[in-house]
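The values are calculated or read from the model by the stated rules, or taken from the named source; none is laboratory data. All values derive from a computational prediction rather than experimental measurement. Here the Cβ positions follow ideal geometry from the backbone for every residue, glycine too, while neighbour counts run over all protein chains shown. Remember, those area values only see protein heavy atoms, side chains included, never the ligands or the DNA or RNA. Shrake-Rupley method; radii C 1.70, N 1.55, O 1.52, S 1.80 Å.
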Amino acid sequence: MTFDVARARRETPGCSRVAHFNNAGSALPPTCVTDSLRAHLDLEAQIGGYEAEAAAEELIADSYDAIATLIHCDRDEIAMVENATRAWDMAFYAMHFEPGDHILTGKAEYASNVIAFLQIAKRTGARIEVVPDDEHGQIDIGALRSMVDERVKLIALTHVPTNGGLVNPAAEVGQVARASGVPYLLDACQSVGQMPINVEEIGCDFLSATGRKFLRAPRGTGFLYVRRHWIERLEPPFLDLHAAQWVAPNQFTVRADARRFENWEHYVAGRIGLGVAVRYALSWGLSAIRDRILILTEYLRARLSQVPGLTLRDKGVTNSAIITFTIRSEEPSDLAHRLSKAGFNVSVSVASSTLYDMHERGLASIVRVSPHYYNDFTEVDRLVEAISRAS
Ligand SMILES: Cc1ncc(COP(=O)(O)O)c(C=O)c1O
């Protein structure tokens, strides 16, 4: 089946304004998402915020159902929060570590996650062990297996890193985690929305994601998946009167579902918009989205590889929608600035976002181009021509 790119572009007003290749930053939302936000904000203005929330009860409930359908879990296993980092934090900081415990992670781990590991290591005496890459630059499953022992209390991995096309073999990591009984936290911030994600097939216990990237939802939205087995075993690092109930002067009880990881006060329109964005992605089909992205990115990679002085920097066996490179003639930030003035949005990934990996490769910064299914070949050709002008 061919992908109806013309329809995708018609339903994305931003396409007529800019060639947006920064979907790993924040994607252009479709009209249905912005309409849903506006409608709810209007309702809040007309009848009041609490009253509007009550009136939108079904829409909000549908956001949980939509996310559960997207990643193949139950709605009770979903918490909606402000972003991927907070989602990840709520699971990570709920865990208990002691001196000598090990946290296993990968080379491509995201800065905010490693900062949290370092903080907890300092507080508790737990140790961070970084699993080496295999010859393709993805996490080495054999090495991971050999590093798992009774000291390992968590495997935490980034599925698709912020700085490249790598797709870590999340399900193979899940097999190791399951076989050893170690909890497994997957940062799926860059993968959700650009490919099918099934938490049963992956075997993760926790998964964090954001709304604004490949899901095309509003900024300030994200979600956490917590496998049912873990919900009542993990007390969130923060509790409020939504997550828990004050039942006697000296006593509280914590909710039994994953919403124990949420805040009482939140961005209601954003949650509705997130659900609408997820339903929209489901209507295209995540396999169709992935296939369309792969056709575009293969073409873009092939064209970039012909540009003199340009070095592609992606690692791994399977490619994602993220393409990174450096070019001899121009600093990444200068190139991104020049492209922006010419009507192309790209971004720059700096070493401090993925320090283990960038240090090992001696890279200070790289250009990141991240198409989505609504980009077309004409835009890709124009982008490559604009990039080539520097070389
Ligand atoms: C791999 C990865 N994890 C986590 C995050 C953080 O997401 P958020 O900004 O929604 O907290 C990002 C953001 O770029 C990311 O690329």
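Mind checking which of P332, P196, P99 has the largest fluctuation in a GNM of the chain, springs on alpha carbons under 10 Å?
Result for the chain, Cα springs under 10 Å: P99 fluctuates most.
I115 to R328: extension gain in nm, 0.36 nm per residue of separation minus the Cα-Cα distance?
Going from the current span to full extension adds 73.5 nm.
Along the charge dipole of the chain, pointing to its positive end and built from +1/-1 on Cβ of Lys, Arg, Asp and Glu, which listed residue (Q190, V268, S36) has its Cα farthest out?
Q190
Between T318 and D76, what is 0.36 nm times their sequence separation minus the Cα-Cα distance? Round to one decimal in nm.
Length gained, T318 through D76: 83.9 nm.
Need the list of lysines near K153 for cross-linking: C-alpha distance under 23 angstrom, and skip anything on the same chain fewer than eight residues off.
Within the straight-line limit of under 23 Å, K153 reaches these lysines: K107, K122.
Just read off the accessible area of M195 with the full protein assembly in place, 1.4 Å probe, to the nearest 10 Å².
30 Å²
What FRET efficiency, computed as 1/(1 + (r/R0)^6) with R0 = 25 Å and r the Cβ-Cβ distance, is obtained for E200 and D291, rounded to the nearest 0.05?
Step by step, r from the Cβ atoms, then E = 0.70.
Can you pull the semi-axes for the stretch 33-283, root of five times each eigenvalue of the Cα gyration tensor, sorted largest first, whole Å?
For the stretch 33-283, the semi-axes come out at 32, 22, 14 Å.
Positive end of the charge dipole of the chain (Lys, Arg +1 and Asp, Glu -1 on Cβ, about the Cα centre): tell me which of Y64, V131, L154 has its Cα farthest that way.
Projecting each Cα onto the dipole axis, the largest value belongs to V131.
Which sequence of W230, W284 reflects their accessible areas, 1.4 Å probe, from the largest down?
Putting W230, W284 in descending order of accessible area: W230, W284.
Report, in whole Å, the centroid distance computed from the Cα atoms of the stretch 238-260 and the stretch 1-74.
31 Å
Label-point separation (nm) for K122 and H242, each offset 7 Å from Cα along Cα-to-Cβ?
3.0 nm
Dipole magnitude of the chain about its Cα centre, charges +1 at Lys/Arg Cβ and -1 at Asp/Glu Cβ only, in debye to the nearest 20?
1040 debye
Report, in whole Å, the centroid distance computed from the Cα atoms of the stretch 277-342 and the stretch 153-180.
Between the Cα centres of the stretch 277-342 and the stretch 153-180 lies a distance of 22 Å.
Between E265 and S305, what FRET efficiency follows from the Cβ-Cβ distance if R0 is 41 Å, with the result rounded to 0.05?
0.25
For the stretch 208-221, what does the Karplus curve 6.51 cos²θ - 1.76 cosθ + 1.60, with θ = phi - 60°, yield as ³J(HN,Hα) per residue in whole Hz, taken in order and with x for Gly and Pro?
Calculated HN-Hα couplings, in order: 10, 8, 10, x, 6, 7, 5, 6, 6, 8, x, 5, x, 10 Hz.
Given points 7 Å out from each Cα along the Cα-Cβ axis, report the E129 to A54 separation in nanometres with one decimal.
It works out to 5.5 nm between the two label points.
Do you know the relative contact order of the chain, to the nearest whole percent, from alpha carbon pairs under 8 angstrom that are 6+ apart?
Dividing the mean separation by the residue count of the chain yields 24 percent.
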